[in-house]
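Data block below; observations after.
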Amino acid sequence: MGFEKFLFYVFAAITVFAAGMVVTRRNPVQAVLYLVLAFVSSAALWLLIEAEFLGIVLVLVYVGAVMVLFLFVVMMLDIDITALQSQFIKHLPLGLVIAAMMLFNLFLVLGPSNFGLSAFPSPEPKPAGYSNTATLGLDLYTVYLYQFEIAAVILLVAIIAAIRLTLRRRPQTKYQDPARQVRVRKGPDRIRVVSMPAEPTPPPIMAAPRTEEEAAS
Amino acid sequence: MSFQAIDLFTLLPELVVLITACTVLVVDLYLPADRKDANQLITFAGLVLALLAVGVVGLSFGPEPTLAFGGAFVRDPLSDLLKGAVLVVTLLAFAYSARYMRERNMWVGEFHVLVLFALLGILVMISANGFLTIYLGLELLALCLYALVAFNRDSGAGAEAAMKYFVLGALGSGMLLYGISMIYGATGELGFAPVAQAMSADGAESRILVFGLVFVIIGIAFKFGAVPFHMWIPDVYQGAPAPVALFLSSAPKVAAFAMAVRILVDALAGLGSDWSDILIILSVLSMGIGNVVAIAQSNIKRMLGYSTISHVGFIFLGLLAGTHEGYVAAMFYAVVYALMAAGAFGVLVMLSHQGFEAENLDDLKGLGDRDPWLAAMMTLVMFSMAGVPPLVGFMAKLLVLQAVIDIGLVWLAVVAVVFSIVGAFYYLRVVKMIYFDKPVSDAPVDSTRDARIAVSVNGLSMLVLGMFPAALLSLCEAAFAG
């Protein structure tokens, strides 16, 4: 138990530190990288409470897919940091007051009096061969079948909506059509022989004589 | 807990809508551009079938609630009536929007598919029996609506409205989820009935529950558009294409009502005294700001947006009463409001034509000369929204006020009456413009058959339901009989 507790505090500290850095970094790319760190360390926290599947999914889906996408977007966008920062300073006092009030509220409600170990004792460790991935799978396809199907419909809608909002034919876009490129023939398509009349070479240009004014200056 | 075949039968209306949406999705691929009307036929057929399915399922199970999928899904008289109302409103919405969308090159399969999936989300919310299901239904609905608001890709206003709606909607969902997580933390349950049981068993840990309740109510108020969470409504109504605003202002309000009843009454009835106080504040603010600000609007879509906000205040009046009569009145109001909003936006959709959006109050001027029948229908809808007898809006307001007076909050009823008189001004101004002002344009009004039938049914239903409210009222009574 002792070592697990030590691990918990280490990863919890890393998570809090990384989350703080996400909010305070000036460079958005650094902020995103710290967010990745926060996700990885919270995946470790999931592992500590024997939720291996959730831990792995967090790393695979969030760190592997979502955050990489996010990084792409952040790098593509031209974000004006100074403009954001001036707003930040302007609204800081109000934000701090609200944050302090929320923190106080949260402490009252979520503090040890309501959610301490006495109210929620830590769960019994599972036997060695227990697979929580299998249990999750079973539950998902039996008890939560209905919700699972709705989630599937939501994904379908996301696909349809994204395609509707972005797919469009732009006639003036310049794009390459490889099929047409391959079909090009050497004859009239690639090479065109143009017969031009031979022109006489122009006479050499003489240097203009210097004028009176230029000589004077 | 395990899956049984009978579960699929209780799910019949949802299945019909889902299959219709998928059929349209596939058929649309193979339709040539000039035969896109086939989408409309399939959609109509699917919606009528779904209505029949609601009736068949409702009659075969009777007034007792039926659970399916291990308690995730519930079918009861409440869900039957609300599903029926939403399906009718969606039918009207499709009938109104055909010409408008065709003229703007938006008459494509995706429009039908997205509206049908939004409808599916509403049906899921209405029949949800747990926080998880209701949240998934809500997200399905919201995702479709974000895309629909931005449906006109060339419109900057549409993109801006969709962006605002998306950001605020995501914030609202986040609040709702946070509240749900608190309630889960306090009770350890996600189903509505188990949460109610856990609360009555050990009502001690109320501090966490009230904390969660506040966030859940913020989430509900966001979806309803109650003050002070109403900022998105006028902008979204203005920026969205008119048929989308029509759908957005009618059917999702019924869904929001179902969500409020399921969460507040089914699950959190034990905190009744807490949430009814919060609802009083939201209700008074909504009625006040909605009605007063609506007067200053010259854009009729924005005006209808603020009118929505004020009507939401009235729906909350019924809910906060916390009595059987109150719930019945609120349900009656929600259903009737969906019809009224569909009618008002429907007339706007019919007035718009190629290259012209009917969105300013001036565009209605002289409608009485241009098209007497359409003007009469708009007048019926406006009088109904203002609450003039014998139209149904009067009946709805009366029931809500009665429920509030019954629990002794006479001051609240007086406030509501004062604000509804203030509100009557801008509804009557529309009627005055229709009949007593000179027309500024004489462009032809939509005269396609579907839209004509829809607007006639919609306008006359105000009159018929207002004079004979007993049928709808008894259905609402039955919904809360249990």
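Helix A:145-166 and the long axis of chain A differ in direction by around 20°, with both axes built from C-alpha atoms. Solvent exposure of segment B:5-479, expressed per residue, is 33 Å² of accessible area, with all protein chains present and a 1.4 angstrom probe. Between B:Tyr30 and B:Ser206, the distance separating the two model label sites (each 7 Å from Cα on the Cα→Cβ line) works out to 6.3 nm. For chain A, the Kirkwood hydrodynamic radius comes to 25.8 Å, computed from all pairs of different C-alpha atoms. Placing unit charges on the Cβ atoms only, positive for Lys and Arg and negative for Asp and Glu, gives segment B:322-388 a dipole magnitude near 140 debye about its Cα centre.
For the set A:Tyr144, A:Tyr34, A:Tyr9, B:Tyr165, solvent exposure ranked by accessible area (probe 1.4 Å, protein chains only) runs largest to smallest as A:Tyr9, A:Tyr144, A:Tyr34, B:Tyr165. Charge tally around B:Val195: other residues with Cβ under 10 Å, Lys/Arg +1 each, Asp/Glu -1 each, net -2. Going by alpha carbons, how many degrees (0 to 90, nearest 10) lie between the helix axis of A:28-48 and the longest principal axis of chain A? Taking the Cα atoms of chain A, the angle to A:28-48 is about 30 degrees. Using a Gaussian network model on chain A with a 10 Å cutoff between Cα atoms, which of A:Thr135, A:Thr166, A:Thr15 fluctuates the most? Sorting by GNM fluctuation, first place goes to A:Thr166. Rounded to the nearest 20 debye, the dipole magnitude of the protein assembly as shown is 1520 debye, with +1 charges on Lys and Arg beta carbons, -1 on Asp and Glu beta carbons, and the Cα centre as origin.
Taking every alpha-carbon pair in the protein assembly as shown and binning the separations at 20 Å intervals from zero gives 15, 45, 28, 7, 4, 1 percent. Counting Cβ atoms of other protein chains within 10 Å of each Cβ in A:109-119 and taking the mean gives 3. When a 1.4 Å probe is rolled over the protein heavy atoms, the share of accessible surface on segment B:5-479 that falls to carbon and sulfur comes to 69 percent.
Dividing the convex hull volume of the alpha carbon atoms of segment B:5-479 by its residue count gives 127 Å³ per residue. Orientation-averaged projection of segment B:323-367 equals 4.1 nm² [convex hull of Cα atoms, one quarter of hull surface area].
For segment B:307-459, what percent of Cα pairs sit more than 20 Å apart?
More than 20 Å apart: 51 percent of the Cα pairs in segment B:307-459.
Its residue count N sets the reference 2.2 N^0.38 Å, and the alpha-carbon radius of gyration of segment B:133-273 equals 1.15 times that reference.
Each peptide in B:187-195, B:123-131, B:286-294, B:52-60 receives the mean, over its residues, of other Cβ atoms within 10 Å, and ordering these scores from highest gives B:123-131, B:286-294, B:187-195, B:52-60. Pairs from the table (B:Lys301/B:Lys365; B:Lys397/B:Lys438; B:Lys164/B:Lys253; B:Lys253/B:Lys365) lying more than 23 angstrom apart at Cα are B:Lys397/B:Lys438; B:Lys253/B:Lys365. Within segment A:81-184, list the trypsin sites (Lys or Arg not before Pro) lying in a DSSP loop whose Cβ has at most 14 other Cβ atoms in a 10 Å radius. Answer in residue order: A:Arg168, A:Arg169, A:Lys174.
Here segment B:344-482 is assigned +1 on the Cβ of each Lys and Arg and -1 on the Cβ of each Asp and Glu. Its dipole about the Cα centre then comes out at about 260 debye. Accessible surface of B:Asp274, taken over heavy atoms with a 1.4 Å probe and every protein chain present, rounds to 60 Å².
A cut-off under 11 angstrom between Cβ atoms defines the neighbours of B:Thr66, and their net charge, with Lys, Arg +1 and Asp, Glu -1, is -3. In this rough spin-label picture, where each label sits 7 Å from Cα along the Cβ direction, the A:Phe3-A:Arg169 distance is 6.6 nm. Solvent-accessible surface (1.4 Å probe) assigned to B:Thr20 amounts to roughly 10 Å². Element breakdown for segment A:72-171 at a 1.4 angstrom probe: carbon and sulfur atoms account for 74% of the accessible area.
I'd like the mean, over residues of A:148-156, of how many other protein chain beta carbons sit within 10 Å of each residue's own Cβ.
Counting other chains' Cβ atoms within 10 Å and averaging over A:148-156 gives 6.
Summed over both chains, the area buried between B and A is near 2900 Å², taken from the accessible surface of protein heavy atoms with a 1.4 Å probe.
The values are calculated or read from the model by the stated rules, or taken from the named source; none is laboratory data. Keep in mind that what you see is a predicted model, and the values were worked out from it rather than measured. Counting neighbours? That spans all protein chains shown, and the Cβs are built from the backbone with ideal geometry, glycine included. Ligands, DNA and RNA are stripped out before the accessible areas are found, and what is left, the full protein with its side chains, is counted by its heavy atoms. Shrake-Rupley method; radii C 1.70, N 1.55, O 1.52, S 1.80 Å.
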